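*Asks:* Please read through the structure below; I'll follow up with questions.
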Amino acid sequence: MAKYSVVGKRVPRIDALNKVTGTAVYSGDVILPDMLYGKVLRNPHTHAIIQRLDVTKAQALEGVKAVITASDVPGYQSRSPLLLAEMPHLAQEKVTYAGQPVAVVAATSIEIAEKAVDLIEVEYEELPPILDVLESMKPETPPIYPDLYTNFIASPPSDEDSTPSNIAYHMVINRGDLEAGFKEADLILENTFRTQPVHHGYLEPFAAVASVDMGGKVIVWTQSQGVFTARQMIAAFLDLPASRVNLVPVEIGGAFGGKSFLALAPLCALLALKTGRPVRMEMSRDEVIKAARPAPGSVTTIKMGVTKEGYITAASISLIYDAGGFPEMSHTMFARGNTLSHYKIPNLKIEAFDVLTNKVPVTYYRAPGTPQNHFAVESQMDLIARVLDMDPLQLRIQNIAVEGDTAPSGEILPKVGYKETLERMAEYLKEKGSLQGDDQGRGVACGFWHGATVTFGAYVHINIDGSVTLVVGVTDVSGSRTSIAQIVAEEFGIPMESVSVVVGDTDTAPWASPSVGSQTIYSLSQAVYRACQDAKEQLRHLAAARFEVEASGFEFANGRLIFQGDAEKSIAIGSLARYSISFRGAGPVVGRGSIGGLPPAPSVAVHAADVEIDKETGKVKVLSYAVAQDVGLAVNPLSVEGQIQGAVTQGIGWALMEGYQFDQGKVQNDTLLDYRMPTATDVPMIDALLVEVGSDSGIYGIRHVGEPPIVGALAAIANAIQSATGVRIKELPMTPEAILNGLKEQNKS
Amino acid sequence: MTSIRSIDRFEYRAPGSLDETLDILKTSGTDAKVLAGGTDLILQMKQGLIRPSLVVDVKKVPELNRLEWDEVGGLHVGAVVPLNKLATFPAILERYNILAQACSVIGSAQVRNRGTMAGNICNAAPSADSAPALLCLGAGAVVASSNGARSIDLNDFFVAPGETAIGDGELMVEIEVPTPPPHSAGCYIRHTTREEMDIAVVGVASFLTLSPQDKTLKEARIALGAVAPTPVRAHGAEAFLTGKSVTPDIIEEVAEKAAAEANPISDLRGSAEYRRELVRVLVRRTLRESCSELGLIE
Ligand SMILES: Cc1cc2nc3c(=O)[nH]c(=O)nc-3n(C[C@H](O)[C@H](O)[C@H](O)COP(=O)(O)OP(=O)(O)OC[C@H]3O[C@@H](n4cnc5c(N)ncnc54)[C@H](O)[C@@H]3O)c2cc1C
């Protein structure tokens, strides 16, 4: 991209030095005078009624300053806790999953807090647990919540909503004539695919520190992906106006969607209010795995019809997400825009459900719900290619959606690079050549992600030394500060080092939506761009007044304004800033930018995995891996490649080794030994092939980048395993044992 | 299910000599714990599985830092020598290949920089990676108390998961491993889902000694990890193999016998059935590897 001088360059992250030297401040690093330590009592039962809850002994322990239970939560007085989404639910009459918080203690040391937790007396009456989604959906199954009715997404409510149900969300999309579509098909395949809940695998466990100032303002330090949404949530929990809560951003040690959920901060804030002292809370790793929220497991049934030439005539898919013990985080919502959206399918039905069970509740994880549905869709495409004896990439190329097509959600596709991306992968694989080994196999798969679009503000301050300060309110979970600094540097023609990016707290920064949905750079860049243009316009007018010429004649280069190339009529932006704040100056230059919801800029990532299987043990080695992705424009290719490599690594883990193991609804593998994520030795170098079909809507053509590259990984690996062994695995994780069992089955038949 | 919490207060001692250590152990009660690398111990303390009132850090005891080899006396591995040092010790690399293999797969480089072989076997996990190799090599443990020292044959060392033949007040001083006889070869292979930082689903060591005159096996040892309450020898399979000249069919039969001897359980890491299958595969592989080193098969 020669067009730009800083945008498009491979630059190291501006936060790197602080992070690798340990000087960056994370939630757990915040230490305040007189700080108390909080600890949560968690329920051990899968499903039970609380008969008695007695905290008197805990309260009497020396050093204990407060013990809170559900009855102390101000937010629960006026509304159902079910409406306080993405926060811990302190148990009221009953507990709906093992690990649910029942009470929280604040004490002068963590040791005392732990002892106090042991002294809390709870008597439970156990109820039969509901563990299976299909069982839970049946009308005769007793509802976990007597007052929960099904929410309908994008489809009219039916009679179903008149009775309480364990189906929290339901969505149906119908298009064309399904029956006629299947009639046209020469081949119809139907399969069911299953996945288990998986953990995001962020390094940093949840932590929070809260304090209350003399004015009654609650100040919270915690690793939220969205400080403004966190402020609203905590305010609702405490039943305070949002202006009484200030969220201070801190560094985040990985989030991937898991840290919109506020695992501790509301509890911590309430303890601070109760005690009038700062309170610190932190989760141990086993608490994070057991009681912070994983991504949902799923049961997906897909039926697809194709002509013998390999054109899809009809498809129906049913997606059932296991919501666990609380209903508020809908994945059905995402199924609407992200299921069967990247192919031309004239006749289709999409049905999705979020179904309650007595398991740990779930939350969003990198392209929420979408890797699960693509595991089904893209495995199915591979199975079809095999029956038709077609090249799997060719099958996808000839069915891929293009600009102007109508997505199942009714949206008209904007300019997209799906086809270019598939073709890029085809070219790459041709160059690479086919695999030689007997036990080796290659799998390809697409991953589609629609992307979210939200709102942001940005301030740009021009400093008197010619440097520029950008103030935003969005926490950096993906290198966003670096990419945004590149954009500011580009716009003013100044070096990166002259830009500082400040993530302000909620009292000082302009509004920011959370950093989710692959939209941080995509949307925020627009707000920042506009703030830059605003400041540039003000600078042009200052310069115009000085040289008595037309403002529109000024260009920016090397941190200066220059009038129509005339070196005589040129001035540094720092000089203008200095004059502007002088006694007779026009006032400081403050650029403001704000962006409403942009149209989405969806993209497809195409995966190709080469694996080798040890056919005696079932163990999979991923030999090499490549992803082609339409990124629109890579502001910082290093960072974009990192997103792709990180996403694929998570995908490899999800495919081969990760997954919650339950015993009667209780998580068994709650350590990083038995909740197994890949190490560097399990993952090959991942080639990122960046395709740049610019979007119409993003500044510079930017698209959503962070989530698309995880979506296709599960099916790519499953498809590769079938290529190597002939065994089709329809359930994750594809452990060595599962693969060996598959091989044995195959030998039998 | 685990539950990590703060460690209770405990006394910490770091004696500078063997005598001092044995004195401390003599007077301290049963809830004193010896600390070597701490890669098992500290975790168990954080999980509240043990709550020692006294932790005796023995890393500074000179007698426990010995690492020596000579032809006659064999190998002496002091109880606090870190695993990484073993995996690079020339005599081990040259003569105890099987041991080098076992030590170099434990945990990660960081874990091996702290963890010790003595800690590995004193912790007595059924999956302890150094145990099958040590069993095959005929190793013994030298333990001492204020009443004197004794040697325990490793075959008699493991009692139950987490339980060994070391008595109260006793300390492991070193592990002795005789020099492997001429015309011998061995191999350790484990199966894990993840390449590193994982615990063996099954680990198998085989060690063969050849009669060069008639190309039969003078001695065969096979040891299995993670398929019984303790690391175990597959005596039946060994007896079957001893005295035979090796053929692919015989290897197959031995693998079958070893699998039948294994007594695995089903847990989070694998089913009993899968483990038995892995015993078959890994016995076969270790035998083939050892035989090919002895020039018996291609
Ligand atoms: C991340 C991680 C990965 C691991 N991976 C593996 C693996 O792949 N394979 C494997 O086998 N193990 C593994 N382990 C377990 C552990 O690292 C090993 O068992 C290691 O060898 C233990 O040695 P240590 O010196 O750290 O023992 P410590 O923790 O110091 O001690 C272990 C036990 O032995 C006792 N003990 C130690 N020294 C003596 C002595 N001289 N006399 C009497 N008793 C003594 C202690 O009191 C304690 O009960 C892993 C551990 C971690 C944390």
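*Asks:* In the stretch B:40-91, which trypsin sites (Lys or Arg not before Pro) are in a loop and have at most 15 other Cβ atoms within 10 Å, using DSSP for the loop call?
*Replies:* Answer in residue order: B:Lys60, B:Arg66.
*Asks:* Which GluC sites (Glu not before Pro) from the stretch A:15-115 combine a DSSP loop assignment with at most 12 other Cβ atoms within 10 Å?
*Replies:* Sparse-neighbourhood loop GluC sites (Glu not before Pro): A:Glu62, A:Glu93.
*Asks:* Would you please give the FRET efficiency between A:Ser71 and A:Leu673, computed as 1/(1 + (r/R0)^6) with r the Cβ-Cβ distance and R0 = 51 Å, to the nearest 0.05?
*Replies:* My answer for the efficiency is 0.85.
*Asks:* Further question on the same structure: Using a 1.4 Å probe and counting only protein heavy atoms, how much accessible surface gets buried when B and A come together, both sides summed, in Å² to the nearest 100?
*Replies:* What B and A bury together is about 2700 Å².
*Asks:* Taking the Cα centre of the protein assembly as shown as origin, work out the dipole magnitude from +1 charges on Lys and Arg Cβ and -1 charges on Asp and Glu Cβ, in debye rounded to 20.
*Replies:* So the dipole magnitude of the protein assembly as shown works out to roughly 1520 debye.
*Asks:* By per-residue mean of other Cβ atoms within 10 Å, what is the highest-first order of B:221-230, B:144-153?
*Replies:* B:221-230, B:144-153
*Asks:* Rounded to the nearest whole Å², what accessible area per residue is found for the stretch B:62-177 with the 1.4 Å probe?
*Replies:* Value for the stretch B:62-177: 37 Å² per residue.
*Asks:* OK, next. Which of the lysines could a cross-linker span from A:Lys619 if the Cα-Cα distance has to be under 19 Å and same-chain partners fewer than 8 positions apart are dropped?
*Replies:* Candidates past the 8-residue exclusion: A:Lys730, A:Lys744.
*Asks:* Which percent of the accessible area of the stretch B:115-223 is formed by carbon and sulfur heavy atoms (probe 1.4 angstrom)?
*Replies:* 47 percent
*Asks:* For labels at B:Arg9 and A:Val402 in the simple 7 Å Cα→Cβ model, what's the distance in nm?
*Replies:* 7.7 nm
*Asks:* While we're on this one: If I compute solvent accessible area with a 1.4 Å probe over the protein chains, what percent of it on the stretch B:11-57 is carbon and sulfur?
*Replies:* Roughly 48 percent, rounded to a whole number.
*Asks:* Follow-up question, since we're still on this one. Taking beta carbons within 10 Å but only from partner chains, what does the mean come to for residues A:617-627?
*Replies:* Counting Cβ atoms of other protein chains within 10 Å of each residue's Cβ and averaging gives 2.
*Asks:* Could I ask something else about it? Place a point 7 Å from Cα of B:Asp214 in the direction of its Cβ. Which residues in the stretch B:270-298 have their backbone N less than 12 Å from it?
*Replies:* none
*Asks:* How about A:Lys432: which aspartates and glutamates have a C-alpha closer than 15 Å to its C-alpha, ignoring those fewer than 8 places off in the same chain?
*Replies:* Candidates past the 8-residue exclusion: A:Glu423, A:Asp610, A:Asp687.
*Asks:* Can I ask one more? State the extension gain, in nm to one decimal, for the chain segment bounded by A:Asp439 and A:Lys415, taking 0.36 nm per residue of separation less the distance between their alpha-carbons.
*Replies:* 4.6 nm
*Asks:* Compute the FRET efficiency between B:Glu252 and B:Glu163 as 1/(1 + (r/R0)^6), taking r as their Cβ-Cβ distance and R0 = 25 Å, and round to the nearest 0.05.
*Replies:* Approximately 0.10, to the nearest 0.05.
*Asks:* Under 24 Å between C-alpha atoms is the cut-off here; go through the stretch A:270-404 and count lysine pairs that meet it, provided they're at least eight residues apart or on different chains.
*Replies:* Value for the stretch A:270-404: 5.
*Asks:* So for each of A:674-680, A:172-178, A:732-738, A:213-219 I average, over its residues, the number of other beta carbons within 10 Å; can you give me the resulting order with the highest mean first?
*Replies:* Going by the mean number of other Cβ atoms within 10 Å, highest first, we get A:732-738, A:674-680, A:172-178, A:213-219.
*Asks:* Which of the aspartates and glutamates could a cross-linker bridge to B:Lys215, judged by Cα under 18 Å and excluding same-chain residues fewer than eight apart?
*Replies:* B:Glu238, B:Asp249, B:Glu289, B:Glu293, B:Glu298
*Asks:* Next question. Who wins for biggest fluctuation among B:Thr164, B:Thr116, B:Thr30 in a Gaussian network model of chain B, springs between alpha carbons below 10 Å?
*Replies:* Comparing B:Thr164, B:Thr116, B:Thr30 in a Gaussian network model of chain B, the most mobile one is B:Thr30.
*Asks:* So, in Å, what gap is there between the alpha-carbon centers of the stretch B:154-213 and the stretch A:695-749?
*Replies:* 38 Å
*Asks:* Another question about this same structure. Could you give the distance between the Cα centres of the stretch A:51-129 and the stretch A:391-451, to the whole Å?
*Replies:* Cα centroid of the stretch A:51-129 versus Cα centroid of the stretch A:391-451: 50 Å apart.
*Asks:* To the nearest whole number, what is the average tally of beta carbon atoms from other chains within 10 Å of the beta carbons of peptide B:191-203?
*Replies:* 5
*Asks:* Counting only other chains, what is the mean number of Cβ atoms within 10 angstrom of the Cβ of each residue in peptide A:669-676?
*Replies:* Per residue, the number of nearby Cβ atoms from other chains is 5 on average.
*Asks:* Spin-label point model (7 Å from Cα, Cβ direction): what's the A:Ala60 to B:Arg150 distance in nm?
*Replies:* 5.0 nm
*Asks:* Something else about it: Heavy atoms only, probe 1.4 Å: what % of the accessible area of chain A goes to carbon and sulfur, would you let me know?
*Replies:* Solvent-exposed carbon and sulfur of chain A make up 52 percent of the total.
*Asks:* At 7 Å along the Cα-to-beta-carbon direction for both A:Ser162 and A:Val683, put a label point, then send me their distance in nm to one decimal.
*Replies:* Computed distance between label sites A:Ser162 and A:Val683 equals 5.2 nm.
*Asks:* For the stretch B:184-293, report the accessible area per residue in Å² (1.4 Å probe, heavy atoms, rounded to an integer).
*Replies:* It amounts to 37 Å² per residue over the stretch B:184-293.
*Asks:* Per residue, how much accessible area does chain A show when a 1.4 Å probe rolls over the protein heavy atoms, in square angstrom?
*Replies:* For chain A, the per-residue accessible area is 36 Å².
*Asks:* Right, something else. Between A:Ser582 and A:Leu203, take the C-beta separation as r, use R0 = 41 Å, and let me know the FRET efficiency to the nearest 0.05.
*Replies:* With a Förster radius of 41 Å, E is 0.25.
*Asks:* Same structure, new question: Could you derive backbone 3J(HN,Hα) for the stretch B:126-135 from the dihedral phi with the Karplus parameters 6.51, -1.76 and 1.60 (θ = phi - 60°), listing whole Hz in sequence and x where the residue is Gly or Pro?
*Replies:* x, 9, 3, 5, 7, 5, x, 5, 5, 4
*Asks:* While we're looking at this one, here's another question. For chain B, what are the DSSP H helices with axial Cα length of 15 Å or more and mean Kyte-Doolittle hydropathy of at least -1.0?
*Replies:* What comes out of the filter, once short or polar helices are dropped, is B:248-261, B:272-293.
*Asks:* Would you please give the residues with an amide H less than 5 Å from that of A:Ile686, counting only those at least 5 places away or on a separate chain, with H modeled from the backbone geometry?
*Replies:* Those qualifying (amide H under 5 Å, at least 5 residues apart or on another chain) number zero.
*Asks:* What does the highest-first list of A:353-365, A:130-142 look like by mean Cβ count within 10 Å?
*Replies:* A:353-365, A:130-142
The values are calculated or read from the model by the stated rules, or taken from the named source; none is laboratory data. Since the structure is predicted, the reported quantities are computational estimates derived from the model, not experimental observations. Please note: Cβ atoms are built from the backbone with ideal geometry, for glycine as well, and neighbour counts cover all protein chains shown. Surface areas here come from the heavy atoms of the whole protein model, side chains and all, with no ligands, DNA or RNA. Shrake-Rupley method; radii C 1.70, N 1.55, O 1.52, S 1.80 Å.
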